[in-house]
Amino acid sequence: MKKISFVLLALPIVFACNNSSKDSVEKADSANEAKSDTGSSYNDTTKNKMDNGGTIAVDQSTADFMVKVADVGMTEVKLGGIAQDKSMNKRIKDFGEMMKRDHTNAGDELKSLARRKNVTLPDSVGSDHRKKIDNLEKKSGKDFDRAYIDAMVDGHQSTVNDFEKASNNTKDPDVKAWVDKTLPTLRMHLDSAKAIQKAIKH
């Protein structure tokens, strides 16, 4: 169960980057688009040729999902460490430790899966999530605790929704198996975050 912890997805994030220069997430998406639609590794009606990078073994929506999950996972690891350092609340410190541990494990599993499917993942946090990290790093005390746990609740809810959609829609059985294995941990993280959120409200 720990692996799933990808609550990874926590932070409801919208992965659209608005920078003029491409960040790691955009580069990964572009690389996967270049490798997709070959139709050689999954049953799809579109079969186009591609001239570099080998064949991607999943459909484009599944590749996009994997990129998004990787971005959120790296963000969760970073925020978990910040929570351990900045919070004075033991429950939040412990939650941050769980996020850091679980997301690291889930990230390692996702990387292995991506290698097998020839999916390019981002190697660093995307610009949208970087802004969220920067904003939280500026807070302290109870302001930090509230902002962090609110982000965890919102993000986990969004992530659970994304995983449920991926479970229903992905054409790849290996990705579906990983998603289904991870979902229970994500739901557990969401429940834990909600309980902490309720406890720290006045």
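The length gained by stretching the chain between Asp180 and Lys111 to full extension, at 0.36 nm per residue less their Cα-Cα distance, is 23.2 nm. Among the listed pairs Lys111/Lys181; Lys132/Lys176; Lys90/Lys165; Lys138/Lys198; Lys139/Lys181, those whose Cα-Cα separation exceeds 25 Å are Lys132/Lys176; Lys90/Lys165; Lys139/Lys181. With unit charges on the beta carbon (Lys/Arg positive, Asp/Glu negative), name the residue among Val160, His129, Ala147 whose Cα is farthest towards the positive pole of the charge dipole of region 94-167. Result: His129, furthest along the dipole toward the positive end. Protection proxy ranking of 92-103, 143-154, by the mean of other Cβ atoms within 10 Å over each peptide's residues and highest first, is 92-103, 143-154. A simple spin-label model places the labels of Ser30 and Ser61 2.6 nm from each other, with each point 7 Å out along Cα-to-Cβ. Label-to-label distance, Arg130 versus Asn168, with points set 7 angstrom from Cα along the beta-carbon direction: 3.5 nm.
Be a star and scan region 118-158 for residues whose amide nitrogen sits under 15 Å from the point 7 Å along the Cα-to-Cβ vector of Ala199. Answer for this model: 145-146, 149-150, 153.
No lab work stands behind these numbers, since they all come straight from the coordinates. What you see is a predicted model, and the numbers here were worked out from it, not measured in a lab. Here Cβ is always computed from backbone atoms with ideal geometry, including for glycine, and neighbour counts include all displayed protein chains.
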